[in-house]
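Trainee: What follows is a single structure, and I will ask about it in a moment.
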Amino acid sequence: MTSKWKPDSWQNKSASQIPTYVDKKKTNIVKNKILSYPPLILAHEIKSLKKQLKKVCNRKAFIIHGGDCAESFSELTLNTIQNNFTLLLQMSLILGLVHKKPIVQIGRIAGQFAKPRSSEFEILNNKSLYSYRGDIINKYKFDKNSRKPDPLRMEKAYFHSAATLNLLRALSEKSTFPKKQLSIFDQNFLKFNLEHELIIKKIHYIFEYLNVNKNKFCKLGKFYISHEALLLPYEEAMLKLDDSNVEDYYDSSAHLLWIGERTRDINGAHVEFMRGISNPIAIKCSSKILPEELVKLIDVLNPKNETGRLIVITRFGYNKIEEFLPNLIRKIEQIEGRNVIWCCDPMHGNTFTASNGYKTRNFIQVLSEAKRFFEIHKNEGSYAGGIHLEMTGKHVTECIGGKMNISEKNLKTDCYKTLCDPRFNSYQALEFVLQLIDQSSY
Ligand code: PEP
Ligand code: CO
């Protein structure tokens, strides 16, 4: 039998990927301060997302989930936030028009500050230091002091999230699509002076259509925020009781939280924490997960088999999806009848190191995994409910391929800015959704 959940019951479990803060007193002071701060998200907003996700579960809506791999404190600027927001919106408008369904827009934003790492230490020039784990934990700079986990950074993350969210709320209040974005598109594309006429034409066509027909599918819906619930001391401090149901705790740091591939141990601290919060949650799964293992996890995380509670984000890799996804779908849905939303992250299973040492992803492989995701779900009679991408509105060259023709030799320091994984730039992200959709729908 599962023991009773409490806000701190995760502390009795083994917690991977969480730093040990040496100064316990300082850590507790920070945690208590955050506990006293107002929530970033209120319970009714979380319920509103759940309602949208129920629609996805019933095949009546589709999710676009994306943003930075890791946000950084130094990028708290109008441009960064606005460009990321606009990009997600543009993608969602295109998808909405094509799917003829409302699109649930969820950003990896306003709190995506904690990163799981495959090694605890990073070695550079024969020096070994604690790995960078996201701005909420330590600094990126490669020196001993910067890499030391500092609990005060949790409080900074709270305020950075609040400032980002404040702008997002204002931006998402505008109810029409900003026409001037069209020219921004063109400028971005022209910068690279490459073959893209067809895509620009297509985008023009779509936006003209959108502006002429105030189609209900293209209305800008609410914008939701999400991040990986990795740093549990922070997440615990963000817990609030739901006024309308004092039994229910929700995590007020985001609408949606997810459990990463490296922290989804059924006996571990992250699963323990997440099972007790009332937010919708997601779980990332690679080819390492066994179908029966996922059933057990689902039962712990969604014991009432509620619709709209749980998203399974699969990230197999373009060459593995065929082998693993059909079995997972059959076991979870057809055999066990569990209600989940299937979402595809075609990025994390397709990362490799380029010949010049940069971590990258190939556009065509990312697209191929996403396309297979849709085809497999169609074959299995299940619903492909969403897509999850790492992308940025910045002019970066971090992923290779696409019409921009970025090659491995284009991966240079000045345009490679990610603190963690390589992201699609806005051109690649838009090209991706355009390639994904059924062309005949226009
Ligand atoms: C991520 O989403 O940035 C990430 C680390 O993903 P995963 O847990 O799927 O590896
Ligand atoms: Co990532």
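The values are calculated or read from the model by the stated rules, or taken from the named source; none is laboratory data. This is a predicted model, so every value here is computed, not measured. Every residue, glycine among them, receives a Cβ derived from its backbone with ideal geometry; neighbour counts consider all protein chains shown.
Trainee: Do we find that GLU398 is within 16 Å of ligand 1 (Cβ to nearest atom), at pLDDT 95 or above, assigned to a loop (DSSP other than H, G, I, E, B) and touching a Pro at 6+ places or on another chain (Cβ under 6 Å) in this structure? Quick ask: steps written out before the conclusion?
Mentor: Numbers: within 16 Å of ligand 1 (Cβ to nearest atom): yes; at pLDDT 95 or above: yes; assigned to a loop (DSSP other than H, G, I, E, B): yes; touching a Pro at 6+ places or on another chain (Cβ under 6 Å): yes.
Considered against the rule, which asks whether it is within 16 Å of ligand 1 (Cβ to nearest atom), at pLDDT 95 or above, assigned to a loop (DSSP other than H, G, I, E, B) and touching a Pro at 6+ places or on another chain (Cβ under 6 Å), GLU398 comes out as yes.
Trainee: For GLU431, indicate whether it is away from ligand 1 (no atom under 16 Å from the Cβ), surrounded by 21 or more Cβ atoms within 10 Å (Cβ to Cβ), of a type in the set (D, E, K, R) and outside any strand (DSSP E or B). Give the steps one after another, and end with the answer.
Mentor: Details: away from ligand 1 (no atom under 16 Å from the Cβ): yes; surrounded by 21 or more Cβ atoms within 10 Å (Cβ to Cβ): yes; of a type in the set (D, E, K, R): yes; outside any strand (DSSP E or B): yes.
Yes: the conditions hold for GLU431.
Trainee: Still on this model: If you go through segment 295-321, how many residues are hydroxyl-bearing (Ser, Thr, Tyr) and within 16 Å of ligand 1 (Cβ to nearest atom)?
Mentor: Residues of segment 295-321 hydroxyl-bearing (Ser, Thr, Tyr): 307, 314, 318.
Right, trim to within 16 Å of ligand 1 (Cβ to nearest atom) and you get 314, 318.
Number satisfying all stated conditions: 2.
Trainee: Please work out which residue is surrounded by the most Cβ atoms within 10 Å (Cβ to Cβ), limiting yourself to segment 236-260 and to residues that are among the acidic types (Asp, Glu) and in a strand (DSSP E or B).
Mentor: If we filter segment 236-260 for residues that are among the acidic types (Asp, Glu), which is where we start, we get 236, 242-243, 247-248, 251.
Then drop every residue that is not in a strand (DSSP E or B), which leaves 242, 247-248, 251.
Values: ASP242: 17, GLU247: 7, ASP248: 15, ASP251: 28.
Out of the qualifying residues, it is ASP251.
Trainee: Does any residue of segment 66-76 turn out to be at pLDDT 95 or above, touching a strand residue (DSSP E or B) at 6+ places or on another chain (Cβ under 7 Å) and either farther than 30 Å from ASN138 by Cα or away from ligand 1 (no atom under 16 Å from the Cβ) (or both)?
Mentor: No, the conditions are met nowhere in segment 66-76.
Trainee: Within segment 276-294, take every residue that is more than 17 Å from the chain's Cα centre (by Cα) and buried (at least 20 other Cβ atoms within 10 Å of the Cβ) and give me the one that is nearest to GLY111 (Cα to Cα).
Mentor: Here is the first cut: in segment 276-294, the residues more than 17 Å from the chain's Cα centre (by Cα) are 276-278, 287-294.
Cutting the leftovers down to buried (at least 20 other Cβ atoms within 10 Å of the Cβ) gives us 277, 294.
On the way: ILE277: 17, LEU294: 27 Å.
Selected residue: ILE277.
Trainee: Criterion first (more than 15 Å from ligand 2 (Cβ to nearest atom), farther than 13 Å from PHE432 by Cβ and β-branched (Val, Ile, Thr)) does ILE313 satisfy it? Before the answer, list the steps.
Mentor: Details: more than 15 Å from ligand 2 (Cβ to nearest atom): no; farther than 13 Å from PHE432 by Cβ: yes; β-branched (Val, Ile, Thr): yes.
In short, no.
Trainee: Now for a different question. Which of the strands (runs of 3 or more DSSP E) contained wholly in segment 49-155 include at least 2 residues that are in contact (Cβ under 8 Å) with a residue 40 or more places away in the chain and within 16 Å of ligand 2 (Cβ to nearest atom)? Break it down stepwise before answering.
Mentor: Details: elements: 62-67, 103-108, 121-124, 127-130.
Those strands (runs of 3 or more DSSP E) span 62-67, 103-108.
Trainee: Under the condition of being part of a strand (DSSP E or B) and under 22 Å from LEU53 (Cα atoms), which residue from segment 261-292 is farthest from ligand 2 (Cβ to nearest atom)?
Mentor: Residues of segment 261-292 part of a strand (DSSP E or B): 268, 277, 281-285.
If we keep only those that are under 22 Å from LEU53 (Cα atoms) too, we end up with 277, 281-285.
Details: ILE277: 22, ILE281: 18, ALA282: 14, ILE283: 15, LYS284: 10, CYS285: 15 Å.
Here the answer is ILE277.
Trainee: Here's a follow-up. Scan segment 340-368 for residues that are more than 13 Å from ligand 1 (Cβ to nearest atom), under 20 Å from the mean Cα position of the chain (by Cα) and either part of a loop (DSSP other than H, G, I, E, B) or touching a residue at least 24 places away in the same chain (Cβ under 8 Å) (or both) and jot them down. Working first, answer last.
Mentor: So in segment 340-368, the residues more than 13 Å from ligand 1 (Cβ to nearest atom) come out as 340-342, 352-358, 360, 362-368.
From what is left, the residues that are under 20 Å from the mean Cα position of the chain (by Cα) are 340-342, 352, 360, 362-363, 365-368.
Within segment 340-368, VAL340, ILE341, TRP342, THR360, ASN362, PHE363, GLN365, VAL366, LEU367, SER368 meet the criteria.
Trainee: Something else about it: Check PHE159, PHE217 and return the single one that is out of contact with any Ser or Thr (no Cβ under 7 Å at 6 or more places or on another chain) and modelled with pLDDT of 95 or more.
Mentor: Unique residue meeting the criteria: PHE159.
Trainee: Determine whether segment 371-385 contains at least one residue that is farther than 29 Å from GLU333 by Cα, more than 16 Å from ligand 1 (Cβ to nearest atom) and part of a helix (DSSP H, G or I). Talk me through it step by step, then tell me what you get.
Mentor: To start, the set of residues in segment 371-385 that are farther than 29 Å from GLU333 by Cα comprises none.
No, segment 371-385 contains no residue that is farther than 29 Å from GLU333 by Cα, more than 16 Å from ligand 1 (Cβ to nearest atom) and part of a helix (DSSP H, G or I).
Trainee: Sticking with this one: How many of the residues in segment 363-413 are surrounded by 24 or more Cβ atoms within 10 Å (Cβ to Cβ) and of a type in the set (Asp, Glu)?
Mentor: Of the residues in that region, 3 qualify.
Trainee: Looking at (1) more than 26 Å from ILE106 (Cα to Cα); (2) aliphatic (A, V, I, L, M); (3) not in a loop (DSSP other than H, G, I, E, B), can you tell me which one ILE329 breaks?
Mentor: So the condition that ILE329 fails would be (1).
For every residue, the table says whether it meets (1) at pLDDT 95 or above; (2) in contact with a helix residue (DSSP H, G or I) (Cβ under 7 Å, 6 or more places away or on another chain); (3) surrounded by 19 or more Cβ atoms within 10 Å (Cβ to Cβ); (4) aliphatic (A, V, I, L, M).
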residue	(1), (2), (3), (4)
LYS296	yes, no, no, no
ASP299	yes, no, no, no
LYS331	yes, yes, no, no
GLY337	yes, no, no, no
ARG361	yes, no, yes, no
